[in-house]
1. I need the calculated FRET efficiency for the pair B:K98 and B:K338, taking r as the beta carbon distance and R₀ as 35 Å, to the nearest 0.05.
2. Sequence-distant or interchain residues sharing an amide H contact under 5 Å with B:R364, placed H: which?
3. With an 8 Å Cα cut-off and a minimum separation of 6 or more residues, compute the relative contact order for chain B in percent.
4. Mind checking which of B:P241, B:V227, B:G170 is farthest towards the positive end of the stretch B:126-258's charge dipole, using Cβ charges of +1 (Lys, Arg) and -1 (Asp, Glu) about the Cα centre?
5. Sort B:I294, B:I132 so that the residue with the fewest other Cβ atoms within 10 Å of its own Cβ comes first and the one with the most comes last.
6. Each residue of the stretch A:69-76 in order: what ³J(HN,Hα) in whole Hz does its phi give by Karplus 6.51 cos²θ - 1.76 cosθ + 1.60, θ = phi - 60°, with x for Gly and Pro?
7. What do you get for the angle between helix B:65-76 and the principal long axis of chain B? Use alpha-carbon atoms, 0 to 90 degrees, nearest ten.
8. How far apart, in nanometres, would the label points at A:C9 and B:T105 be if each is projected 7 angstrom from Cα along the Cα-to-Cβ direction?
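What follows is calculated from the coordinates using simple rules that are stated; it is not laboratory data. Keep in mind it's a predicted model, so treat the numbers as computed, not measured. Note: ideal-geometry Cβ built from the backbone for every residue, glycine included; neighbour counts use all protein chains shown.
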Amino acid sequence: MTELTCIVCPVGCRLKVEQGKEGLKIIGNGCRRGVAYARDEMTAPKRMLTAVVQVAGSERMLPVKTETAIPKAKIYAAMEEIKAITVSPPVMIGQVIKENLAESGVPLVATGTIAGEGCFKPLEKSLGSE
Amino acid sequence: MPKTKAVDLVVVGAGPAGMAAAVAAAEAGVEKIILLERQAELGGILPQCIHNGFGLRYFKEELTGPEYAHRFVQELKKHPGLKVKTETMVVTITPDRKVVTTSATEGLVCYQAGAVILAMGCRERPRGAINIPGTRPAGIYTAGSLQYLMNIEGFLPGRSAVILGSGDIGLIMARRLTLEGVRVKAVLELMPYSNGLNRNIVQCLEDFQIPLYLSHTVTEIFGEKRVEKVRVAPVDKDFKPIAEKGFDLSCDTLVLSVGLIPENELSLQIGVELDPATGGPVVDSFYQTTVEGIFACGNVALVHDLVDDVSTESALAGRAAAAYLKGEIKTKRWLPVKAGRNIRSIVPQRIVVGQTTPLYIRARYPERNATLHVGDGQTKQQVVSPGETIYYTLKPEDIRTADGWVEVSLEGGRVHD
Ligand SMILES: Cc1cc2nc3c(=O)[nH]c(=O)nc-3n(C[C@H](O)[C@H](O)[C@H](O)COP(=O)(O)OP(=O)(O)OC[C@H]3O[C@@H](n4cnc5c(N)ncnc54)[C@H](O)[C@@H]3O)c2cc1C
Ligand code: SF4
């Protein structure tokens, strides 16, 4: 038997999940959404991964994320790949940094912008001043 | 005195609060707006919050902190009358709305503003404020400053860490450290419950088998030059450590996630009234402080858990400042809120009569199946916890003006396990 906390809503039901003959048996859920949550967690748990990567010639890091959630089991392998990456500027927010991260089929994308010469400036310098 | 420039609106701080307020004011027709930020970058705390979970309420999609900030930076650019000044620190604000700034490029500049919006955010409670005995070696960080060092500068603090405090920032940092290869030995929480979101307890601790010790604290720090270990002890119900039950955890890094306090030096200077329950200015339904023409929103008014709420409330403050500048907010009648059973804080603190007002309410302790009463209005609350904001939209008909106040309380709840 496995115990899980449902995170779908703030109630946070404690779910007890058992592998029965006709599939999973779930108790403790306050509503139906808890069943779907437990099923996903038991069969194919996925997580978003966010991290930072190095930028050539810069002291600032570039924030990145997996475009969609990846299998939980691949998180550490994904981190190893991410740690080995150094990007060269310019990088635009949303740009793919690495395809098929840790064989997950999901790309790693930039969540920030580096506008040339290695400086991380989210473009605010182009805003008007008086 | 430096030379004075006249503007319609000055917004202090370009975090999510200041950006949303400035954009909303511009959209409402305010012409000359100056947005002042002491950092080089816009976004306040967001650029260092690289994790996702932002924007679900406001944009109906899940964004990371830098992405959320980016959306607002794009909005700012749409308004030519809105000028942004970075690396510009506000040093003084007077009650008659003179705003004095200093920067390397322009030196001292003074603005005479028609209205001012305070959006300075909050800062972390320093270690001094929590007084742990022992040596003062290297390797002790507050969670927010460590988040900055790791996520912006790419710095790694050590090999093994203990985290004191289980609020969301502490939980997020436990996962972040683990992913970077730092072994997180434990997260300790003084209270018998965590202040963090369930989702963070599951995805930041349980996913990585990091133990959470409730009702525990650090009683002593050991180490000559560098942290070597900490002594941990459970606490009794008066939060006094039970020394006999203490144990040691070796670690080279201690992370303190022990709360945020609104950044209110400027507010004090102006002389606006502060609410002891929030640490921020007392505001009314329009987010106007007790000094006319001075508004406050975002974490400077109330430490929010969701940036989405900061954006919503700040847009409201921006529109209200626009209405004030047009003379549309006249002297008005208001009623104070009064915190009843199991209520720690309520924002806004002053309800303008006849005005529909979204309230942000915090409970003192966790409970199940309570009923929230707000004036004559009520709603069922399946669970309340000090870590999650309770929302209630107060309608004019909920108030009985004859009472002289609006009472907010949680009734009939049961303390839960
Ligand atoms: C470490 C941390 C982690 C968080 N994680 C999450 C999360 O996971 N999800 C979520 O939804 N929310 C999260 N939050 C909450 C959310 O980020 C905040 O609620 C939000 O950033 C508050 O916005 P703000 O604009 O009020 O303050 P801030 O973002 O702090 O911005 C205030 C700005 O004012 C500037 N300023 C202050 N004083 C002056 C001055 N005198 N002159 C000029 N400028 C000044 C500061 O430099 C800063 O840029 C987190 C908050 C923190 C602190
Ligand atoms: S099972 Fe339903 S009620 Fe319980 S936490 Fe999950 S979504 Fe909420």
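1. Values: r = 35 Å, r/R0 = 1.00.
FRET efficiency, B:K98 to B:K338: 0.50.
2. Close amide H contacts, sequence-distant or interchain: B:I343, B:R344.
3. On the way: 1018 pairs, mean separation 65.1, N = 417.
Normalised by residue count, the contact order of chain B is 16 percent.
4. It is B:V227.
5. Numbers: B:I294 26, B:I132 18.
Listing B:I294, B:I132 from fewest to most nearby Cβ atoms yields B:I132, B:I294.
6. Ordered by residue, 3J(HN,Hα) equals 5, 10, x, 3, 5, 9, 4, 5 Hz.
7. 10 degrees
8. 5.1 nm
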